[in-house]
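*Asks:* Pasting a structure here, questions to come.
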Amino acid sequence: MTREQISELCVASLAKTLRLSPDRIDTTSKFSRLGLDSAMVVYVMMELEEKLGLEMSMDDLYDYPTIDELSQQLAGRCAARSAA
């Protein structure tokens, strides 16, 4: 998947979790500023893992604290997996 596709998945998952319209999700805002609690973070992470077929850790959301940063990292993992 491309970074853009992964970003769209992140936005959709966060919008559903936060009960917001996807156009209200800023991909440059830190996850901590979006109003996520720890249970929501786990839910979003599990949904991304399932859709992308990747394992993630809580550290991923702290090391890459915005949708833009996280989607770039996850796209790199997807590309590496495809190349293997």
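Since every read-out is calculated from the coordinates, none of them should be taken as a lab result. As the structure is a prediction and not an experimental result, all values here were calculated from the model. Neighbour counts run over all protein chains shown; Cβ positions are idealised from the backbone, glycine included.
*Asks:* I'm trying to understand the selection: among the residues of segment 27-47, which are surrounded by 12 or more Cβ atoms within 10 Å (Cβ to Cβ) and in contact (Cβ under 8 Å) with a residue 40 or more places away in the chain?
*Replies:* Passing the criteria: only THR27.
*Asks:* If a residue counts only when it is of a type in the set (Val, Ile, Thr), which helices (runs of 4 or more DSSP H) contained entirely in segment 13-84 have at least 3 such residues?
*Replies:* Correct list: 38-52.
*Asks:* A follow-up question, please. Restricting attention to segment 48-71, and to residues there that are in contact with a Ser or Thr (Cβ under 7 Å, 6 or more places away or on another chain) and among the aliphatic types (A, V, I, L, M), which single residue is surrounded by the most Cβ atoms within 10 Å (Cβ to Cβ)?
*Replies:* ILE67
*Asks:* Yes or no: segment 54-61 includes at least one residue that is free of Cβ contacts under 8 Å to residues at least 24 places away in the same chain and of a type in the set (Gly, Ala, Ser).
*Replies:* yes
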